[in-house]
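A.B. asks: Before I ask anything, let me first share the structure, which is written out below as structure tokens.
The values are calculated or read from the model by the stated rules, or taken from the named source; none is laboratory data. Source: prediction; values computed, not measured. Here the Cβ positions follow ideal geometry from the backbone for every residue, glycine too, while neighbour counts run over all protein chains shown. These accessible areas exclude ligands, DNA and RNA; they are computed on the full protein's heavy atoms, side chains included. Shrake-Rupley method; radii C 1.70, N 1.55, O 1.52, S 1.80 Å.
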Amino acid sequence: MKGTILVGTAGQGILRSVDDGASWHRLGLREAIEFDGVVRSLAVDPSDPSRIFAGADAGMCISTDGGAHFSRVDSPMNGMTVWAIAIDPADPRHMYAGTGAPSRAAMFRSQDGGATWTRLSPDIPEFCRGVNRPRILSVCVDPQEGRNVWFGVEEGGAWHSADHGDTWTRIDQEDGVLGNPDIHAISVLPAEGNTPRRVLVLTVNTVYTTDDDGEQWTGVPSRTRFDGMYYTRTVQATTDGAALMIAIGDGTPGTRSKLYRSTDRGDSWSEALLHTAPNSTFWAFGAHAADPSLMFAGTKYGDLFRSMDGGASWFKEWRSFSEITAIAWTPFEAPVHAHPQSIT
């Protein structure tokens with residue numbers, strides 16, 4: 001497989017493989033992202049696979065060579081931890097980013113492909129009950145109607161904008177259908193033929209869906225359909241839309257975790273085949289439209305898994321990492337000898 005695998009971690013910055021996972025390289029000593037830093041999010045520019053955005057404890061960073069080198073984008077996020085990044089797939093000029101613990105949780109927008117950023121209006125409290133300082137774990141742009149943007153906060157609720165982020169509405173108020181403000185992930189499945197657009201909102205213990213842009217919601221507790229496990233971490237659609245993956249565990253960091261796959265947009269789920277038991281709850285997915293059959297999944301304690309069949313079966317990679325927080329793959333072949341540091 002040609003291309004570059006990037007793994008974001010809490011403690012080893014970004015690790016990169018250009019030989020299909022046979023060897024791994026850390027970032028160099030004079031990068032914007034410290035080689036032992038924290039990276040919470042990765043996003044590949046859909047219009048240019050050499051451009052990788054990384055949300056780090058230094059702020060928003062960018063690579064223009066497939067992840068070999070990173071520089072910091074001068075922005076209001078300087079010195080803040082960026083937990084989530086989303087790029088409008090139909091118009092990559094529109095980008096969104098969410099920050100959080102240990103810095104203040106806030107939403108930011110770029111309208112020029114990540115060159116400049118402005119802070120948006122949602123006012124998120126500095127502290128919350130569950131995790132002390134909130135963090136924006138998920139930002140999602142509707143792939144068909146980019147004016148629709150969603151983000152979710154642990155803990156601070158689920159938010160929706162219908163005007164590219166100019167104004168926002170919180171949709172999880174206690175008297176509404178979403179009674180839990182602990183939001184872990186949001187995903188938008190585009191309309192197909194007579195099938196309407198579907199939005200999935202994952203709280204810590206329930207999967208909610210709406211097919212009418214939030215007028216009505218259906219929620220199913222995770223414990224009732226995922227082998228008694230409640231901890232609902234994240235969701236990822238295959239890039240061809242053929243399937244949907246969800247990561248479930250028995251807690252954080254957890255002792256038992258599974259991946260489930262749906263081919264009917266989340267109405268029903270079947271357990272994916274894991275050829276090795278994971279060491280903790282699955283924490284992150286990675287995928288790219290250039291190869292819809294290829295997916296990655298990482299656990300809280302650093303196991304990296306790969307699927308070559310769109311999420312039906314998974315094999316553990318030989319290399320283990322520190323806490324895996326984000327995964328990306330790009331078809332761009334980054335320079336092989338970018339840095340002297342290596343952990344092969």
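A.B. asks: Quickly run through segment 242-282 and pick out the residues that are aliphatic (A, V, I, L, M) and in contact (Cβ under 8 Å) with a residue 60 or more places away in the chain.
C.D. replies: ALA242, ALA243, MET245
A.B. asks: Test ILE171 against the criterion of being more than 24 Å from ASP45 (Cβ to Cβ), aliphatic (A, V, I, L, M) and open to solvent by less than 70 Å² (accessible area, probe 1.4 Å), and give yes or no.
C.D. replies: It is true that ILE171 is more than 24 Å from ASP45 (Cβ to Cβ), aliphatic (A, V, I, L, M) and open to solvent by less than 70 Å² (accessible area, probe 1.4 Å).
A.B. asks: Give me the pairs: first residue in segment 190-208 and of a type in the set (Asp, Glu), second residue in a loop (DSSP other than H, G, I, E, B), beta-carbon distance under 8 Å, and six or more apart or on different chains, which are they?
C.D. replies: GLU192/GLY241
A.B. asks: Still on this structure, please answer the following. For THR118, state whether it is touching an Asp or Glu at 6+ places or on another chain (Cβ under 7 Å) and either among the polar types (S, T, N, Q) or touching a residue at least 60 places away in the same chain (Cβ under 8 Å) (or both).
C.D. replies: no
A.B. asks: Would you pick out the residues in segment 14-33 that are open to solvent by less than 10 Å² (accessible area, probe 1.4 Å) and either part of a loop (DSSP other than H, G, I, E, B) or of a type in the set (S, T, N, Q) (or both)?
C.D. replies: SER17, GLY21, TRP24, LEU27, GLY28, ILE33, listed by residue number.
A.B. asks: Here's something else I'd like to know. Could you check, for segment 43-58, whether at least one of its residues is modelled with pLDDT of 95 or more, open to solvent by less than 60 Å² (accessible area, probe 1.4 Å) and out of contact with any strand residue (DSSP E or B) (no Cβ under 8 Å at 6 or more places or on another chain)?
C.D. replies: Scanning segment 43-58, I find at least one residue that is modelled with pLDDT of 95 or more, open to solvent by less than 60 Å² (accessible area, probe 1.4 Å) and out of contact with any strand residue (DSSP E or B) (no Cβ under 8 Å at 6 or more places or on another chain), so the answer is yes.
A.B. asks: For segment 96-163, which fully contained strands (runs of 3 or more DSSP E) count at least 3 residues that are open to solvent by 10 Å² or more (accessible area, probe 1.4 Å) and under 22 Å from PRO46 (Cα atoms)?
C.D. replies: 135-141
A.B. asks: Moving to a separate point now. Scan PHE321, PHE332, PHE296, PHE315 and give me the residue that is open to solvent by 50 Å² or more (accessible area, probe 1.4 Å), touching a Gly at 6+ places or on another chain (Cβ under 7 Å) and hydrophobic (A, V, I, L, M, F, W, C).
C.D. replies: Every option except PHE332 fails the conditions.
A.B. asks: Given (1) surrounded by fewer than 15 Cβ atoms within 10 Å (Cβ to Cβ); (2) in contact with a Phe, Trp or Tyr (Cβ under 8 Å, 6 or more places away or on another chain), identify the lone condition not met by ALA242.
C.D. replies: (2)
A.B. asks: Do we have VAL38 as closer than 24 Å to PRO102 by Cα and crowded, with 24+ Cβ neighbours inside 10 Å here?
C.D. replies: Details: closer than 24 Å to PRO102 by Cα: yes; crowded, with 24+ Cβ neighbours inside 10 Å: no.
So VAL38 fails the test.
A.B. asks: Can you spot a residue in segment 68-76 that is farther than 17 Å from ILE124 by Cβ, in contact (Cβ under 8 Å) with a residue 60 or more places away in the chain and either within 16 Å of the chain's Cα centre (by Cα) or outside any strand (DSSP E or B) (or both)?
C.D. replies: The answer is yes, given that some residue of segment 68-76 is farther than 17 Å from ILE124 by Cβ, in contact (Cβ under 8 Å) with a residue 60 or more places away in the chain and either within 16 Å of the chain's Cα centre (by Cα) or outside any strand (DSSP E or B) (or both).
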